[in-house]
Amino acid sequence: MTMDTNLADLRRVLGDLETGQAGPDISAILAAAKLRPHRSAGIALARLAQGQLWQICAGAAIMLAGTATWSSQLGAMGLLFASGVLFHLLGAVMIACAVMIRMLAQRVDLGGPVLETQLRMARVERIAAFEGWVLGMGWCFLWIPAGAALFYLLSGFDLFSLGGSGLWIGCNVAVGVLIIAVLRWVRDMAAESGNVGLAQTIDGALTGQRVRDASAALAEIHTFAA
Amino acid sequence: MNDTASNLPPGSQGIDAFAEAIGNHAGILRKVAATYCSTEHDRADLIQDILVQLLAARGSYDPQRPLSTWMYRLALNVAISQVRSRYRQARVLVPIEDDHLEVAGPGADHEGRQERALLDRAMHGLDPLNRAIMLLYLDGYSQAQIGEIVGISASNAGTKIARIKQQLRSAIGLSVNQEF
């Protein structure tokens, strides 16, 4: 490659693409695309909007499970806290966030000006990344209430009645910290054994890599707009 | 070439007629794909995603406006979104580039690859939004048209073009003729 690259050379390369002398066969791809015109394309925003449907379903299931647990046990303070406060609230938050993110994603007009559209997309992706990280990390501290609620649904016995609220909250926090510690250990082991992909995935989940990526993308767009 | 699809009723374009209108501007898709993807496989994937989005969004196209402007906007938005996704995935999984496998192939298009490498080399150091500006500039769009597609003022587009040229000059030794 010469160091004297010319803009005219670049224009010639693009000109070849205009006349179809290079690049993929558009007519064949277009014929295939016409057969499924409403299929969501593989862009991140479309996947994000679709993913929210699953989150709405999961949130509804969690809410129903929470309601089924506490509605018949209003006198059991432990279950009321575990399933009523945590799970009912968790399910409602999951549904509300999913509906909001889906609406925001669907309102992005891909045919709009590039800068404005990219800003909207980056904002939606950052909100979704933050919500996903908070809800995901939250689950580290929800296994004991989830287990107790499930145990009650299966056996009718309130595990929280065996100890005071302080004991169960303490256990809950301890289990959450333990889960995070185990994840960090697995991350370190994966890194040492050369499994960089697994190590980076766990690291990203623990430290909110998606949130940082989305924030960096948003910052890049703001810099361009300035 | 008619740059609008004004013969189509707004909001209810038939898919065949709309697909034909898109096909008349297929060069836009090839150029965007060549600007944002470095492998044949990625380019085909991107073009497919853009086409699906173009067909799905045809109801929002205003036939009184230039089809090429709308196509460029949508294609660039999809391409930039894909580039950001690929960057995130590449941190976990780094694929082998198709072109590397093709180098010694019997039917390898060395000239075509060199030309694409020229474009890759020019675009590689630019962020996705500046790539869009450079692509539109190289495609002969005016500063006002670039501003309309990207969503910035014409003077801002001119400033950015000058900066990009300067960046390319120092990064890859780009020489700028009088005509530019």
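Tell me, yes or no, whether the stretch B:139-151 has at least one residue that is at pLDDT below 65 and more than 25 Å from B:Arg169 (Cβ to Cβ). Give the derivation first.
Within the stretch B:139-151, the first condition is being at pLDDT below 65, and the residues that meet it are none.
No, that holds for no residue.
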Suppose the filter is more than 30 Å from A:Leu150 (Cα to Cα) and at pLDDT below 75; does A:Arg47 pass it? no
Contact list please: Cβ distance under 6 Å, first residue in the stretch A:58-73 and farther than 12 Å from A:Leu153 by Cβ, second residue buried (at least 19 other Cβ atoms within 10 Å of the Cβ) and at pLDDT 80 or above, pairs at least six apart or on different chains. A:Gly59/A:Gly91; A:Gly59/A:Met94; A:Gly59/A:Ile95; A:Ile62/A:Leu90; A:Ile62/A:Gly91; A:Met63/A:His88; A:Met63/A:Gly91
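Within the stretch B:48-77, track down each residue that is out of contact with any helix residue (DSSP H, G or I) (no Cβ under 8 Å at 6 or more places or on another chain) and open to solvent by 10 Å² or more (accessible area, probe 1.4 Å). Steps first, answer last, please.
We begin by selecting, within the stretch B:48-77, every residue out of contact with any helix residue (DSSP H, G or I) (no Cβ under 8 Å at 6 or more places or on another chain); these are B:56, B:59-60, B:63-66, B:70.
Scanning the stretch B:48-77 gives B:Ala56, B:Gly59, B:Ser60, B:Gln64, B:Arg65, B:Pro66, B:Trp70.
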Of the conditions (1) under 30 Å from A:Ala65 (Cβ atoms); (2) open to solvent by less than 60 Å² (accessible area, probe 1.4 Å); (3) at pLDDT 85 or above, A:Met103 satisfies every one except a single condition; which number is it? (2)
So which residues in the stretch B:133-174 are more than 8 Å from chain A (Cβ to nearest Cβ) and outside any helix (DSSP H, G or I), if there are any at all? B:Tyr141, B:Ser142, B:Ser153
Can you name the residue in the stretch A:120-167 that is open to solvent by 80 Å² or more (accessible area, probe 1.4 Å) and under 30 Å from B:Ser81 (Cα atoms) and, of all such residues, is farthest from the chain's Cα centre (by Cα)? A:Arg120
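Surrounded by 14 or more Cβ atoms within 10 Å (Cβ to Cβ), touching a Phe, Trp or Tyr at 6+ places or on another chain (Cβ under 9 Å) and within 30 Å of B:Val83 (Cβ to Cβ): is that true of A:Ala214 in this structure? Spell out the reasoning first.
Values: surrounded by 14 or more Cβ atoms within 10 Å (Cβ to Cβ): yes; touching a Phe, Trp or Tyr at 6+ places or on another chain (Cβ under 9 Å): yes; within 30 Å of B:Val83 (Cβ to Cβ): yes.
For A:Ala214, the condition - surrounded by 14 or more Cβ atoms within 10 Å (Cβ to Cβ), touching a Phe, Trp or Tyr at 6+ places or on another chain (Cβ under 9 Å) and within 30 Å of B:Val83 (Cβ to Cβ) - is met.
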Residue list for the stretch B:48-61, restricted to those being out of contact with any Asp or Glu (no Cβ under 9 Å at 6 or more places or on another chain) and either modelled with pLDDT under 85 or facing another protein chain (nearest Cβ under 7 Å) (or both): B:Gln48, B:Asp49, B:Leu51, B:Val52, B:Gln53, B:Leu55, B:Ala56, B:Arg58, B:Gly59, B:Tyr61
Given (1) within 7 Å of another protein chain (Cβ to nearest Cβ); (2) modelled with pLDDT of 60 or more; (3) under 22 Å from B:Asn77 (Cα atoms), number of the condition A:Gly42 does not satisfy: (2)
Could you grab me the full set of residues in the stretch B:23-47 that are within 7 Å of chain A (Cβ to nearest Cβ) and surrounded by 21 or more Cβ atoms within 10 Å (Cβ to Cβ)? B:Ala26, B:Leu29, B:Arg30, B:Lys31, B:Ala33, B:Ala34, B:Arg43, B:Ile47
Hey, among the residues in the stretch A:168-197 that are away from every other protein chain (no Cβ under 14 Å) and among the charged types (D, E, K, R), which one's most open to solvent (accessible area, probe 1.4 Å)? A:Glu192
Is it the case that some residue within the stretch B:84-102 is at pLDDT below 90, within 8 Å of another protein chain (Cβ to nearest Cβ), assigned to a helix (DSSP H, G or I) and buried (at least 18 other Cβ atoms within 10 Å of the Cβ)? yes
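So, restricting to helices (runs of 4 or more DSSP H) that lie completely within the stretch A:117-226, which ones have at least 2 residues that are over 29 Å from A:Arg47 (Cβ atoms) and free of Cβ contacts under 8 Å to residues at least 60 places away in the same chain? Spell out how you get there, then give the answer.
Details: elements: A:143-155, A:165-192, A:196-207, A:209-225.
Ranges flagged: A:143-155, A:165-192.
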Going by the conditions given, is B:Ile15 facing chain A (nearest Cβ under 8 Å) and modelled with pLDDT under 80? yes
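The values are calculated or read from the model by the stated rules, or taken from the named source; none is laboratory data. Everything numeric here is computed off the predicted structure, so don't read it as measured data. Note that each Cβ is placed from the backbone with ideal geometry, even for glycine, and that neighbours are counted across all protein chains shown. Note: accessible area is taken over every heavy atom of the protein model, side chains too, but ligands, DNA and RNA are not part of it. Shrake-Rupley method; radii C 1.70, N 1.55, O 1.52, S 1.80 Å.
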